[in-house]
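What follows is one structure encoded as structure tokens, with my remarks underneath.
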Amino acid sequence: QGTQKRLDGFFKVK
Amino acid sequence: LEAKFDDSTIFKKIIDSFKDSVSQINFMCSESGIEAQAIDDSRVLLVSLSIPPSCFETYRCDRPTTVGVYLSSLSKLLKSASSSATLTLYVEDQPDELLLLFEESKASKSMEYKMKLVDITADMLEVDSDMKSDVSVEMSGVEFTKIVRDLTQLSDSFTVSVGKDGIVFSVDGETASGKVLLQPKEDLANPENNLSISMTKTIDLSFASKYLLDIIKASTLSNMISLKFSEETPALFEFKMEKGGGIGFYLAPKYDE
């Protein structure tokens, strides 16, 4: 049921 | 750092609310309070914690200090917490340990624990705390917790949709499906039952059930939960504490291919 996205796809690494 | 909680169970609740989501964390202590961010191993859930000075009976931090801890160890020490005991956290200038002092004035008892600090090199993600969202919902944390517990039993995926009818939580499992619709309401006598929705666009998002089960562990921190959704960003589930600060969970969605 769907593919899990990762946070890295949305937020930049500091 | 010298930071005293008048009720040691507050710190226990804070730590217990995310100790199963992440294994270690750096507390960044400064004069504006204690802040922390940690990402779970699968990089799907981010915990963002803020404990401002208003949460403490007394708070002093002379210079910014990073305090890295293993949450399983800290959580063991916090089993000693009780609402009749205060808890003071001490960290020296060149920190290699965290000292926890529990004091029960009525019982004339004090307990002291020392914990070795760990050097945690975790990368931090740049999270915009003003992140734009298409939908904001404020609702009872008890209600949200019950819905998550009930529905996640049926499926690994949990869907949230918000439209003109209200907010719908639904699951579609192999053997059963379920759906809960909530409409905005105002309960003047019991404001913790209020539900408000502000929306600029409808949303329909799915999340992995297991992370929602972790997130609801923080519901002991607040009567209310604030939810923020947008099709383009992770969702934010936030519990704000009565005395300021709180804990937010950023959760990346699941998408259909």
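Taken together, the values in this text are just the output of simple stated rules run on the coordinates, not laboratory data. Predicted model only: the values in this text are computed from it and were never measured. Ideal geometry is used to build each Cβ from the backbone, glycine not excepted, and the neighbour counts take in all protein chains shown.
List of remarks:
- Prolate/oblate/rounded label for the range B:130-257 (Cα gyration tensor, a/c 1.5): rounded
- Filtered GluC sites (Glu not before Pro), the range B:63-141: DSSP coil and at most 14 other beta carbons within 10 Å: B:Glu92
- For the range B:66-78, backbone phi angles converted through the Karplus equation (6.51, -1.76, 1.60; θ = phi - 60°) give residue-by-residue couplings of 9, 10, x, 9, 8, 5, 5, 5, 4, 5, 4, 5, 7 Hz, Gly and Pro being listed as x.
- Around B:Leu77: net Lys/Arg minus Asp/Glu count, Cβ-Cβ under 11 Å: +3
- Neighbour-count ranking [beta-carbon atoms within 10 angstrom, fewest first] of B:Ser8, B:Ser157, B:Ser73, B:Ser83: B:Ser83, B:Ser73, B:Ser157, B:Ser8
- Using θ = phi - 60° in the Karplus curve 6.51 cos²θ - 1.76 cosθ + 1.60, the 3J(HN,Hα) couplings for the range B:209-216 round to 4, 4, 6, 5, 5, 6, 4, 5 Hz; x is entered for Gly and Pro.
- Check: the range B:35-89 dipole with +1 on Lys, Arg Cβ and -1 on Asp, Glu Cβ, in debye: 140
- Extension gain for B:Glu138 to B:Glu112 (0.36 nm times residue separation, less C-alpha to C-alpha distance): 5.4 nm.
- From least to most packed, judged by other beta carbons within 10 angstrom and beginning with the fewest, B:Cys61, B:Cys55 follow the order B:Cys61, B:Cys55.
- Using the Karplus relation 6.51 cos²θ - 1.76 cosθ + 1.60 with θ = phi - 60°, the per-residue 3J(HN,Hα) values for the range B:22-39 come to 9, 8, 9, 8, 9, 7, 9, 9, 8, 5, 8, x, 10, 10, 7, 9, 8, 10 Hz, with x marking Gly and Pro.
- Sequence of B:Met224, B:Met131 once ranked by neighbouring C-beta atoms within 10 Å, starting from the fewest: B:Met131, B:Met224
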